[in-house]
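> Take a look at this one; I'll ask things after.
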Amino acid sequence: MFEHKDTIKILSIDGGGIRGLIPALLLAEIEKNCGQISQLFDFFAGTSTGGILTLLLNRPNPLPAEQISKIYQGDDAKKIFKKNIFNILTKGEKYDSKGIESVLSTKLENYCLKDSLNPVLIPSYDMESRNTVFFNNYDNKYNNIFLKDIARATSAAPTYFEPYRINGTRTFVDGGVAVNNPAMSAYVEVIKLLKKSGIDPASKKIIVVSLGTGSATSSITYDEIKNWNPINWVTGPLIPTFFDGNSTTVEYQLKQILPPDCYFRFQLRLPDEKDADKLDNINEKFLNRLKDLTRIYIEQDNIGGLPIGWASKLTTICTALQSTNPVNP
């Protein structure tokens, strides 16, 4: 699979619900400066909203990243996160899954995993076997599953959407409960595939570009949470906190394993305001602030006196993507 490549470029995208707008906008910037995303990287991984992005970028006739970013801002977002009181009272999930399933069906059509343009890895969690399942298109086990079904399975966030059944045999929930940041999983898979082909991984340069969906900046104090009951946890920060904790752990691990010129993590600090870390905050003013904040990170290196911006990093990435051997020679 990678025999003729000196450098293998991995793109990994975290889960994060509506905050997928952040990596979508960043990818649009990369695409504008470097070319079509599907032709820039050799291996793709994405969880939950990141999995949806990954599949949209790798479907035949892939959607431009700029067009994908619109999904998070307009009628599609409202359709996905349309509250249904009856659904909450009878089933427990906040949203009727018909909305997200309609959007996924429209965007991913009837393509199957085998139709993906590049190797892809999409985690989901199988509630029946109690194991993480890594949907991929190179082991031949999942090739005939529709992309829209895999996208639905990886994004079935508990309390937000009902679990998803594939082929009536397995029940899946959001991959973020196990692998919200799939960058390490992607790296391990590439190593595995190289060894399987009889190639020494040390003979290749592996670059990991990992896109986050924003980290929370607002703290939750002991006095706030000490008297919370289970309902407070479920309706509050439990799911976002669980997902974010997983992401930061993987970030730490890869920083220890890979040299600085091989690991690029893009993560911004969310606005310090209520509900900024929620997976379903489709308030128009908030989304506009998120767009503006992402633009600031894209254009600057220093933000609030801290060297946390992306401008120089993006220049480095684009140079690396364009100078290494092409994905489709």
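The values are calculated or read from the model by the stated rules, or taken from the named source; none is laboratory data. In this text, all values refer to a predicted model and were calculated from it rather than measured experimentally. Because the Cβ atoms are built from the backbone with ideal geometry, glycine has one as well, and the counts that use them run over all protein chains shown.
> Consider the stretch 101-134. How many of its residues are closer than 17 Å to Ala156 by Cα and among the polar types (S, T, N, Q)?
6
> Right, here's the next one. How many of the residues in the stretch 17-72 are in contact with a strand residue (DSSP E or B) (Cβ under 7 Å, 6 or more places away or on another chain), free of Cβ contacts under 8 Å to residues at least 60 places away in the same chain and among the small types (Gly, Ala, Ser)?
Selection size over the stretch 17-72: 0.
> Then there is this: Tell me, which helices (runs of 4 or more DSSP H) lie completely within the stretch 1-92 with 3 or more residues that are closer than 20 Å to Leu314 by Cβ?
21-34, 49-58, 65-69
> Name the pairs whose Cβ atoms lie under 7 Å apart, with the first residue in the stretch 177-190 and more than 20 Å from Gln267 (Cβ to Cβ) and modelled with pLDDT of 95 or more, the second aliphatic (A, V, I, L, M) and buried (at least 20 other Cβ atoms within 10 Å of the Cβ), and 6 or more positions between them or separate chains?
As it stands, the answer is Glu189/Leu121; Val190/Ile8; Val190/Ile10; Val190/Ile206, since those pairs meet every condition given.
> For Asp244, are the conditions met, namely being part of a loop (DSSP other than H, G, I, E, B), acidic (Asp, Glu), at pLDDT below 95 and on the phi < 0 side of the Ramachandran plot?
no
Let's see how each residue does on (1) surrounded by fewer than 18 Cβ atoms within 10 Å (Cβ to Cβ); (2) under 21 Å from Thr49 (Cβ atoms); (3) among the β-branched types (Val, Ile, Thr):
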{"residue": "Arg269", "(1), (2), (3)": "yes, yes, no"}
{"residue": "Asn283", "(1), (2), (3)": "yes, yes, no"}
{"residue": "Leu287", "(1), (2), (3)": "no, yes, no"}
{"residue": "Lys291", "(1), (2), (3)": "yes, yes, no"}
{"residue": "Thr294", "(1), (2), (3)": "no, yes, yes"}
{"residue": "Tyr297", "(1), (2), (3)": "no, yes, no"}
{"residue": "Asp301", "(1), (2), (3)": "yes, no, no"}
{"residue": "Gly305", "(1), (2), (3)": "yes, no, no"}
{"residue": "Thr315", "(1), (2), (3)": "yes, no, yes"}
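> What number goes with the only condition from (1) farther than 21 Å from Tyr142 by Cβ; (2) basic (Lys, Arg); (3) surrounded by fewer than 24 Cβ atoms within 10 Å (Cβ to Cβ) that Arg59 does not pass?
Among (1) farther than 21 Å from Tyr142 by Cβ; (2) basic (Lys, Arg); (3) surrounded by fewer than 24 Cβ atoms within 10 Å (Cβ to Cβ), the lone unmet condition for Arg59 is (1).
> Determine which member of the set Thr54, Thr106, Thr49 is closer than 30 Å to Asp200 by Cα and at pLDDT 95 or above.
The match here is Thr54.
> Hey, another quick one. Working only within the stretch 141-176, note down all residues that are among the polar types (S, T, N, Q) and either more than 13 Å from Asp115 (Cα to Cα) or at pLDDT below 90 (or both).
Listed by number, the residues that qualify are Thr154, Ser155, Thr159, Asn167, Thr169, Thr171.
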